[in-house]
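> Take a look at this one; I'll ask things after.
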Amino acid sequence: MQVFIAADAAEAADKAADIVENVVRSRPRPRLGMATGSTMVGVYQSLVDRYQAGGLSFAETSIYLLDEYVGLDCDHPQAFRNVIRAGLADLVDLRDDALFGPDGSSPDLEAEAQRYEQLVTEACIDIQLLGIGGNGHIAFNEPGSSFEGLSSVVTLSEKTRRDNARFFASIDDVPRQAISQGIGTILRARAILLVALGAHKARPICDALIGPVSIESPASAIRLHPDVSVVLDAGAASLLPAARSES
């Protein structure tokens, strides 16, 4: 595992984008697993800037969503497919048919989760981007989730719903379920990139990187993977006594 500590959020975003760019350039048909959330906004923007500068193309790239809310209208701005489109996919030369995600409006959610699991498995994700929740969740795998778990319909914890309420008019509008890749699904990616920003992420990062590898800290599962990069700003790294800093 490589841990990079940046001076601030902008430097962290650029470092994460460097890692993603290297994958895009080195693979003939790159498969990117993309997360959403405020942590990823700067990473998206850095990638868009590189495309607009003429130095990076996504024409041969495919993007696979980490998860999707259940029950939102297809045009809802917080549906993760629309978040990815607004922040990245529609701003670069990604093909219209190269963005994949689970359908949170499917009449058979369990079957849809199984369909998406098969799609991601067949894709062989080259690098999976992850954020980390305040309770240590990755994707929507809450504490207690099996490290062998596959894509499924999950119930969001009240803490996760409260944390995500800032994206909605009120907490009552935050969905209670999602279709999420499982931890076992995530660990099959060729490489993993976890990004965390802010002092409020310091405790879950500390638990994930130097605490016990335990289902009570879902993000600690990344330590079971052979190719992991972690990009933090100073706040998120503040409880890591031995983390290595590299710009």
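> Return the residues of the stretch 144-156 that are closer than 17 Å to Ser214 by Cβ and surrounded by fewer than 18 Cβ atoms within 10 Å (Cβ to Cβ); say none if nothing qualifies.
First, pick out the residues of the stretch 144-156 that are closer than 17 Å to Ser214 by Cβ: 144-149.
Result: Gly144, Ser146, Phe147, Glu148.
> How many of the residues in the stretch 62-116 are touching a helix residue (DSSP H, G or I) at 6+ places or on another chain (Cβ under 6 Å) and among the acidic types (Asp, Glu)?
Residues in the stretch 62-116 being touching a helix residue (DSSP H, G or I) at 6+ places or on another chain (Cβ under 6 Å) and among the acidic types (Asp, Glu): 2 in total.
> Can you find, within the stretch 119-132, the residue that is farthest from Val154 (Cα to Cα) among those that are touching a residue at least 24 places away in the same chain (Cβ under 8 Å) and assigned to a helix (DSSP H, G or I)? Step through it out loud before you land on a result.
The first filter runs over the stretch 119-132 and keeps only residues touching a residue at least 24 places away in the same chain (Cβ under 8 Å), leaving 119-121, 123-132.
From what is left, the residues that are assigned to a helix (DSSP H, G or I) are 119-121, 123.
Working: Leu119: 19, Val120: 18, Thr121: 19, Ala123: 23 Å.
Here the answer is Ala123.
> Continuing with the same structure: So which helices (runs of 4 or more DSSP H) are wholly in the stretch 1-118 and hold at least 2 residues that are at pLDDT 95 or above and over 22 Å from Leu194 (Cβ atoms)? Quick ask: steps written out before the conclusion?
Numbers: elements: 9-26, 41-52, 80-87.
Once the helices (runs of 4 or more DSSP H) in the stretch 1-118 are filtered for at least 2 residues that are at pLDDT 95 or above and over 22 Å from Leu194 (Cβ atoms), what remains is 41-52, 80-87.
> Check the stretch 31-43 and report whether any residue there is hydroxyl-bearing (Ser, Thr, Tyr), touching a Phe, Trp or Tyr at 6+ places or on another chain (Cβ under 7 Å) and surrounded by 17 or more Cβ atoms within 10 Å (Cβ to Cβ).
First, the residues of the stretch 31-43 that are hydroxyl-bearing (Ser, Thr, Tyr): 36, 38-39.
Of the ones still in play, those that are also touching a Phe, Trp or Tyr at 6+ places or on another chain (Cβ under 7 Å) are 36.
Those left that are additionally surrounded by 17 or more Cβ atoms within 10 Å (Cβ to Cβ): 36.
Within the stretch 31-43, one or more residues are hydroxyl-bearing (Ser, Thr, Tyr), touching a Phe, Trp or Tyr at 6+ places or on another chain (Cβ under 7 Å) and surrounded by 17 or more Cβ atoms within 10 Å (Cβ to Cβ).
The values are calculated or read from the model by the stated rules, or taken from the named source; none is laboratory data. All figures in this text were calculated on a predicted structure; none of them were measured in a lab. Please note: Cβ atoms are built from the backbone with ideal geometry, for glycine as well, and neighbour counts cover all protein chains shown.
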